[in-house]
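A.B. asks: Below you will find the structure I want to go over with you.
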Ligand SMILES: Cc1cc2nc3c(=O)[nH]c(=O)nc-3n(C[C@H](O)[C@H](O)[C@H](O)COP(=O)(O)OP(=O)(O)OC[C@H]3O[C@@H](n4cnc5c(N)ncnc54)[C@H](O)[C@@H]3O)c2cc1C
């Protein structure tokens with residue numbers, strides 16, 4: 001079988017890359033082993049315009065956020081699903097310092113932050129002595145709908161192979177690659193954590209980061225907003241069901257859910273919520289993060305038929321559509337990739 005591209009992985013990166021190839025009428029096969037616990041499946045899907053304790057704008061906010069909104073709306077319309085919803089974050093200040101930072105950022109003119117006028121609106125649901133603010137232009141990407149719907153679309157078009165990709169069967173030729181009976185012009189790795197072991201890309205400075213979450217039932221809590229106080233509490237599509245997370249662990253013994261997180265998150269929720277809740281699930285996954293917190297996008301500097309789209313870290317929902325589109329533009333029209341994301345910055349490392 002002859003195709004233009006062989007894509008490894010159908011998480012956020014593989015989904016968006018194959019979407020943009022579809023729009024360009026290019027042929028491809030996706031290989032994905034359908035693991036139950038991947039970062040794309042554990043993610044809340046939150047697209048937040050500000051980050052960190054200083055509430056600064058995320059990297060490339062202007063370009064990336066509006067691009068993401070348009071991209072999810074478009075793929076959602078194509079698949080007939082609601083792929084994205086707009087839900088502002090209500091930020092309950094956890095301490096006086098965070099309150100002060102938030103108000104200072106508003107005075108500095110931060111367009112995404114708003115001093116919430118209805119301070120008492122959430123009194124019957126939450127304990128919050130220090131008031132709250134609002135983070136505007138925030139979205140939830142409904143990955144629990146999008147990823148399976150796109151997978152089904154690929155299956156219907158016989159563009160998906162549900163199996164474990166094995167390097168033993170990969171042959172790199174001068175102008176093409178061969179994998180079993182598939183001949184492709186290029187192979188593009190969108191395989192998240194597996195790239196850490198990938199013989200072509202394992203030298204890249206990946207820095208996996210573990211995150212754990214609870215899925216919680218909270219009858220009666222309004223689902224109009226995402227709520228934040230230390231943890232984020234984000235509505236899922238099922239009625240009264242919320243996602244509570246997450247932590248960021250740079251050092252960990254394994255990728256499994258641990259009882260320490262469960263107990264800490266449960267304690268936190270008991271102190272924060274005034275209404276009853278029930279914990280339904282506890283999940284964990286490793287984020288494919290990078291040391292300099294920028295993605296890895298582009299063709300291998302010395303093997304031009306091998307490429308990568310990875311390293312989305314904590315922001316895969318917003319970064320993946322933007323950089324998938326950039327990668328397709330480079331492949332088809334030789335356009336430049338944003339230099340901070342282009343893997344050609346690691347030319348020396350990848351020469352080894
Ligand atoms: C707890 C948690 C919460 C998060 N919340 C958010 C959030 O709210 N907003 C946000 O923007 N980001 C969030 N993220 C980050 C986001 O989930 C990631 O950046 C993103 O999912 C990475 O997508 P990916 O496609 O690169 O990787 P993955 O999701 O890992 O996808 C890779 C795919 O490749 C497949 N694969 C790997 N190796 C092979 C192989 N050998 N053969 C076949 N298939 C293979 C895997 O099975 C998988 O399906 C969160 C992450 C975690 C862990």
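A.B. asks: Within region 22-37, count every residue that is within 15 Å of the ligand (Cβ to nearest atom) and touching a strand residue (DSSP E or B) at 6+ places or on another chain (Cβ under 6 Å).
C.D. replies: Summing the residues that are within 15 Å of the ligand (Cβ to nearest atom) and touching a strand residue (DSSP E or B) at 6+ places or on another chain (Cβ under 6 Å) in region 22-37 gives 5.
A.B. asks: Let me ask another. Looking at region 299-318, which of its residues are buried (at least 24 other Cβ atoms within 10 Å of the Cβ) and at positive phi?
C.D. replies: Scanning region 299-318 gives a single hit, 311.
A.B. asks: While we're looking at this one, here's another question. So residue 275 fits all but one of (1) within 13 Å of the ligand (Cβ to nearest atom); (2) modelled with pLDDT of 95 or more; what number is the exception?
C.D. replies: The failed condition is (1).
A.B. asks: Can you tell me which residue within region 44-71, out of those that are touching a strand residue (DSSP E or B) at 6+ places or on another chain (Cβ under 8 Å) and assigned to a loop (DSSP other than H, G, I, E, B), is surrounded by the fewest Cβ atoms within 10 Å (Cβ to Cβ)?
C.D. replies: Out of the qualifying residues, it is 58.
A.B. asks: How many residues does region 238-272 contain that are away from the ligand (no atom under 15 Å from the Cβ), surrounded by fewer than 18 Cβ atoms within 10 Å (Cβ to Cβ) and in contact (Cβ under 8 Å) with a residue 60 or more places away in the chain?
C.D. replies: Qualifying residue count for the region: 1.
A.B. asks: Output yes when any residue across region 13-36 is out of contact with any helix residue (DSSP H, G or I) (no Cβ under 8 Å at 6 or more places or on another chain) and in a strand (DSSP E or B), and no when none is.
C.D. replies: Yes - at least one qualifying residue is present in region 13-36.
A.B. asks: Something else now. Can you find a residue in region 327-348 that is surrounded by 13 or more Cβ atoms within 10 Å (Cβ to Cβ), assigned to a helix (DSSP H, G or I) and over 24 Å from the mean Cα position of the chain (by Cα)?
C.D. replies: yes
The values are calculated or read from the model by the stated rules, or taken from the named source; none is laboratory data. The structure presented is a predicted model; accordingly, all values stated were derived computationally and were not measured. Virtual Cβ from ideal backbone geometry, glycine too; neighbours counted across all protein chains shown.
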